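Notes for the one structure printed next.
Every number in this text was worked out from the coordinates using simple rules, so none of it is lab data. From a predicted model like this one, the values you see are computed outputs, not experimental measurements. Here the Cβ is made from the backbone with ideal geometry for all residues, glycine too, and neighbour counts use every protein chain on show.
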Amino acid sequence: MEPDSPTVPKQTLAQLLFVLFLRLVAIACLWLGLQYWGMLVGYSLEGRGRFDLLSLPWQVAAPSLAVLFPVASLGLWLAVSWGPVLWVLAVAVQFLMYALWSDIFGANSAVLAFHVLVACLYSLFRLALWLEERRKAERVTTDLP
């Protein structure tokens, strides 16, 4: 049996690099999610970060991020539209935690700087892909008057 379309459109270099970038961010998100899970079950921080030992703000934030980051990781790995949305939601929670409410959660400027870098790179990739699609559309002409 032959495939419906004998020619499969090739991905451009920008598209391939974008998927690679999303998968690297997915690995980082999975790592962040596993860190929160390790904290909550008492595996890390010598058991001091167990859920039952946390303050109320941490009891709200840590489980939320422990779920959001791995699910965002899956969406980013699959390069589906909801992956970056969940990543932005998780990042917004961490920005609120470590920037706005740093007196409760402490400051973690390294994580915030990483998220800013990823957001800038994501924006640059989306701009490059948009410009690439725009150039493709300009090359397509019709014979209509």
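Computed from Cα positions, the angle between helix 82-95 and the longest principal axis of the chain comes to roughly 30 degrees.
Highest GNM mean-square fluctuation among Gly33, Gly42, Gly75, for the chain modelled with Cα contacts below 10 Å: Gly42. Put in order of Cβ neighbour count within 10 Å, fewest first, the listed residues Leu131, Leu22, Leu56 become Leu56, Leu131, Leu22. Angle of helix 13-40 to the longest C-alpha principal axis of the chain, folded into 0 to 90 degrees and rounded to 10: 20°.
Restricting attention to the range 1-107, which trypsin sites (Lys or Arg not before Pro) occupy a DSSP loop and are surrounded by at most 11 other Cβ atoms within 10 Å? Passing both the DSSP loop test and the Cβ count: Lys10, Arg48.
Note on semi-axes √(5λ) of the Cα gyration tensor in Å: of the candidates (1) 41, 18, 11; (2) 26, 16, 15; (3) 33, 19, 14, the value calculated from this structure sits at (1). The long axis of helix 56-78 is offset from the longest Cα principal axis of the chain by roughly 20 degrees. Across the range 13-130, the mean sequence separation of Cα contacts (distance under 8 Å, 6 or more residues apart), normalised by length, yields a relative contact order of 25 percent.
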